[in-house]
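*Asks:* Right, I'll just put the structure down here and ask away after.
The values are calculated or read from the model by the stated rules, or taken from the named source; none is laboratory data. Only a predicted model underlies this, so the values are computations on that prediction, with no experimental measurement involved. A quick note on method: Cβ atoms are made from the backbone with ideal geometry, for glycine too, and the neighbour counts reach across all protein chains shown.
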């Protein structure tokens, strides 16, 4: 029983710490935020921080993991999906988290996002492979790079286009014969 309570407490502490970092990112660059800043904002001790995380980047990676898991879960609700629907759900997911992505771009941390693409895109394509085919590892790398760069450009431009418009753009690009 004690282990379950500790695990529950750690989950709460992780949530407090993650929320604190995201709040701090609203007013400070990532590089200027200290562990003490995060612990104070979260209302936890530095010891509690280090019991749950080794680095500040680890907090961001956990947040990205959650974001990608939510996207995968959303895809799982569809029995059939086409490329356009796949892309529309993708842009809707990232639109909800645009401020966070803006912070990553602003603070030169978007490489963390790219790393998570590499981790999760194979898993995402397994969910939709029977509907859109099973891409090779090179096709996955190609699509990951494209999705990543399109997202960064969209965020940079202020997320002006709707999710549907972005899905149409992606759909056209993916179907366009390559040079």
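*Asks:* State which residue pairs qualify: first residue over 30 Å from residue 91 (Cβ atoms) and inside region 44-71, second residue loosely packed, with under 12 Cβ neighbours inside 10 Å and at pLDDT 95 or above in any location, beta carbons under 7 Å apart, and separation of 6 or more residues or different chains.
*Replies:* Within 7 Å, the pairs are 46/36.
*Asks:* Something else now. Which residue out of 148, 120, 90 is within 11 Å of the chain's Cα centre (by Cα), farther than 30 Å from residue 35 by Cα, surrounded by 17 or more Cβ atoms within 10 Å (Cβ to Cβ) and not assigned by TED's automatic domain parsing to the domain that holds residue 30?
*Replies:* 90
*Asks:* Please give the helices (runs of 4 or more DSSP H) falling wholly within region 1-80 in which 3 or more residues are touching a helix residue (DSSP H, G or I) at 6+ places or on another chain (Cβ under 9 Å) and within 18 Å of residue 103 (Cβ to Cβ).
*Replies:* Result: 2-25, 35-42, 56-76.
*Asks:* Let me confirm something: among 66, 55, 36, which residue is under 30 Å from residue 164 (Cβ atoms) and surrounded by fewer than 16 Cβ atoms within 10 Å (Cβ to Cβ)?
*Replies:* On inspection, the qualifying residue turns out to be 66.
*Asks:* What's the number of the only condition in (1) assigned by TED's automatic domain parsing to the domain that holds residue 171; (2) surrounded by fewer than 17 Cβ atoms within 10 Å (Cβ to Cβ) that residue 50 fails to meet?
*Replies:* (1)
*Asks:* Please indicate, with yes or no, whether at least one residue in region 71-84 is within 18 Å of the chain's Cα centre (by Cα) and either in the same structural domain as residue 12 (by TED's automatic domain parsing) or closer than 23 Å to residue 21 by Cα (or both).
*Replies:* yes
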